[in-house]
Every structure is written in structure tokens, then in C-alpha cells.
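Here is the structure we will look at, set down as C-alpha cells.
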Amino acid sequence: MFGEIKGLNEECGVFGIWGHPDAASLTYYGLHSLQHRGQEGAGIVSTDGDRLYNHKGLGLVNDVFGPGDLDQLEGNGAIGHVRYSTAGGGGYENVQPLVFRSQNGGLALAHNGNLVNANALKHQLEGQGSIFQTTSDTEVLAHLIKRSGYLSQREKVKNALTMVKGAYAFIMMTEKEMMVALDPHGLRPLSLGILEGAYVVASETCAFDLIGAEYIRDVQPGELLIISENGLESERFSSSISRAICSMEYIYFSRPDSNIENINVHTARKKLGKQLAKEAPIEADIVTGVPDSSISAAIGYAEESGIPYEMGLIKNRYVGRTFIQPSQELRERGVKMKLSPVRGVVEGKRVVIVDDSIVRGTTSRRIVTMLREAGAKEVHVRISAPPIVSPCYYGIDTSNSGELIAAKMSVDEMCEEIGADSLTFLTTEGMTTAIGREDSGSNCGQCLGCFTGNYPTEIYPDTVHPYEKV
């Protein structure tokens, strides 16, 4: 289901720290900095070297952790997770980290991404006697690890990782060590840092800034990190294939103050806006952006075009997420509650409104209507990414092209549908050039699947919506 104000629902965020006496508290703060990646649930698991301690719940980090909860999470190691449900749906049982216990000890798992062969593996494992306690694809890895014939834990993990396909940034923890793995294409961001001798891992570097950790490097595709009392060890479970990080991390998902492989997200978005102004110039009076993720691109568009940037839309931060509204009419009303035009800025003006994507078109139509109702003389829509024409199978909740307006309409038809005076999308070539990963291979080191329909991994038929063809 779509309907979040931007039309694209967030992925998840993972955080881990090993070797610090305040591990749980630092994880709590780390999850706060990753809250934008998931608002449906949060959890932390810690270890004191002998046992795992767990606390999780539905809602925001502040809702899940109350007075005294962190005091119960003992030990020098901890991993945490903020969740937006894609595969497996919502529900308390799917809130991570997932914890599994056996006679040989416990295992906690936190996962950002989506496994495209999870259904096939579940069918195989259930045929061998496995019983799944959740509907999350993350649980598949735990069963594969447990059933591995290898003796050492790291070899079990490496063997299991070779069997899962798709997008994954995993943080795993036993009582004695923490393990970190990134899929062979590096579809999800994952960074390594250090704080007072303790190793820290997080989906985004903004989490390091909050707790005062120093960034070391990005975790490499196909790499397994083992962190324990012996320090940090790095092994490979797969040869690195062509890097294909999700393009939407730069365009929409990540916080502007995060860096992904030494590229600052805010800077990348400004360059996207500048490139958009080169590709789609227009005579106008003001440029404005849709809060929050489009502001950087709007500033870039304004700088390149010479048209003044103004705050034409205000976001009400105290309104709930619009996707939970039960009907389309209520969702559209929710959009109006969440965004308000500034009449004194847009009235009588030719307005360029910069956004990062159009998914169903509902939100864009509502924004254009609001600007016109506030007195805008013209409304020109500029999108700092190519049209989203294909589903994502790697952790973004765009499960079928039937809900993607760009898969059904031409740009001119979309322009008429949303009621704009003009509509232009950034080209794929312009996007990759602006982000600046040209030295990362033929695809510039990015996944372009939702823009081109060409995916970096095999897509399994049982993961595809009935609407689609494989």
C-alpha cells in the first residue's frame, strides 16, 4: 500500500556496537538517528557475554523504550533495528532484532533489505521440518545457519549467506561476537565506525555523528565482518559482483547529513537539482521543494536556474503518516493536513515545485491543487529522478507496476493527470552523472531497476506480484 506523503515507504535501519559499556544506550541514540528509515517498530538486543537481553515493540523509538527499559539491556554489545514492513507485513512478531535460542546459545538478527528467494527457501526449509515463528524473510537466514553442516559459527553464517539472494545488510549477534554482512551487490548502505575503541556499524553515517563515532569505511559487498574480544576480522563469503547500491538512497531515503561511499547525500541531491535545471529549464518566479527530502534538489535547481528559492510549502510535523488512512479520500485529506502552501509566497507567482518522485500521482495532484488554491498563477513540476516504471523487489514497498503511474501513462498524460502546467523528469543519464559514481562500472554502481526494469539479481517468480510478468 502506498500513501506516505512522498509515495515511497521507507526501508529499515540497523545499528550495532561492540565493546562499549553503554552499548544499549548508544544503540538507542543510534536508532533515533535512523528513525526516518522506519517508524512501525523498534528493538534492541544486548549481550553481557553470557546471555542475550531483548526489548522491542511497535511504534517509534521513543514509544518503545520507556524509563528503565535500557537498564535491563546489559552488556558491552548491542544491535538495534527500526522497521518499516515490506516483505512479511507488520505485527509484533516481525519487529526486529529477531532472537533465536538453542542449547548452543542465542542468535539475534537485524536486517535491512529484502530476500528475493525467501519464499523458495521457506518452502524448502519447511519441507525439511523447519517451523517459522514470523512471516519475515529475515528468519530464513537463522534457519539456514542452524541447519548448516559446518562446525564453526562463522562458517555456518558464510554458508547460509551464499544461499540467500537479494538485498541485505545483516547485523548478527551471539553472546560472544557480532557479525556484519552486506550482499554481493551492496544494494543497501552499511558503514563501519569506531567510538572509544568500540566498533560501530550503522545503515547511515548520521548515526555515527550523533554518538560521536569516527567513520572508518563502508562495509564492502560480499564482506563478512566478525567483531569480538579478538578485535575486528574481515572475511569474504562471496566475490564482489558489480556494485549496485539503491539509487533511491541518494534521491530520497537517506538523511541529507549522511555520506554513502564518501558522497554526501545533500550534495548529491543539490547536483540532481542542478542537472534537472539544465535538462528542464522554465521561466518562473520562484522555486520551492516538497519537504523534506526534495529541499536539497530544489536549492540546486534554484542555484542553477537563477530563479529564487522560496519556502512555498510547510510540513506539519505533528500529523500522523497518511498511509494508515483507510480510504483514498481520507489519504488525500491527510496529505492536505500534512503539507500547507504559503499563500504569501506563491500567490500570483509562476511556481516551480521540485519533488524527488511520483509514485501513484495522488500526492502530486494534491500538491498542485493546493498551490493553485493558494493563488499560484502557474505550477511547473520538476522531478529530480527518472520515472519509476518498474517495481522494487529489494525492500521498497512498490510491489507491482499497477500502482505506478509512470508505468501506465506518458509524461504528458501524467502532467494532465496531476494538473500541472508542465512536468519533466530527470534522465537516467543525468541522474547517474549528478550523483557522481561514474568510476563504479557501467551502471555507475547504482541499482536502476525501478527506472529501467533491469535488475542486478535474478527475480524469482514467487516474489513477483500476479500483475507482473517475469
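The values are calculated or read from the model by the stated rules, or taken from the named source; none is laboratory data. All of these numbers come straight from a predicted model, not from anything done at the bench. Methodologically, a virtual Cβ is constructed for each residue, glycine included, from the backbone with ideal geometry; neighbour enumeration extends over all protein chains shown. Surface accessibility is based on the protein's heavy atoms, side chains included, excluding ligands, DNA and RNA. Shrake-Rupley method; radii C 1.70, N 1.55, O 1.52, S 1.80 Å.
The residue that is nearest to GLN39 (Cα to Cα), among those in segment 242-261 that are assigned to a loop (DSSP other than H, G, I, E, B) and out of contact with any strand residue (DSSP E or B) (no Cβ under 9 Å at 6 or more places or on another chain), is ARG255. Which of the residues spanning segment 147-186 are acidic (Asp, Glu) and over 23 Å from LEU31 (Cβ atoms)? The one that is acidic (Asp, Glu) and over 23 Å from LEU31 (Cβ atoms): GLU155. Where residues in segment 1-22 are over 13 Å from ILE171 (Cβ atoms) and at pLDDT 95 or above, which of them is surrounded by the most Cβ atoms within 10 Å (Cβ to Cβ)? Checking each candidate, the answer is HIS20.
Residues of segment 149-168 that are closer than 18 Å to ASP183 by Cβ and of a type in the set (A, V, I, L, M): VAL157, ALA160, LEU161, MET163, VAL164, ALA167.
Out of GLU235, GLU229, GLU261, one residue alone is out of contact with any Leu (no Cβ under 7 Å at 6 or more places or on another chain), farther than 30 Å from LYS315 by Cβ and of a type in the set (Asp, Glu). It is GLU229. Looking only at segment 160-184, count how many residues are open to solvent by 10 Å² or more (accessible area, probe 1.4 Å), in contact with a strand residue (DSSP E or B) (Cβ under 7 Å, 6 or more places away or on another chain) and β-branched (Val, Ile, Thr). So the answer is 1.
Looking across segment 150-188, the residues that are part of a strand (DSSP E or B) and either touching a residue at least 60 places away in the same chain (Cβ under 8 Å) or over 25 Å from GLY43 (Cβ atoms) (or both) come down to GLY166, ALA167, ALA169, PHE170, ILE171, MET172, MET173, MET178, VAL180. Taking residues in segment 12-26 that are closer than 19 Å to GLY38 by Cβ and without any contact (Cβ under 8 Å) to a residue 24 or more places away in the chain, and partners anywhere that are surrounded by 24 or more Cβ atoms within 10 Å (Cβ to Cβ) and β-branched (Val, Ile, Thr), not one pair has Cβ atoms closer than 7 Å while being at least 6 places apart or on different chains.
Residues in segment 262-291 that are over 14 Å from VAL381 (Cα atoms), open to solvent by 50 Å² or more (accessible area, probe 1.4 Å) and not in a helix (DSSP H, G or I): ASN262 alone. Scanning segment 397-426 for residues that are open to solvent by less than 10 Å² (accessible area, probe 1.4 Å) and not in a helix (DSSP H, G or I) turns up THR398, LEU404, LEU426.
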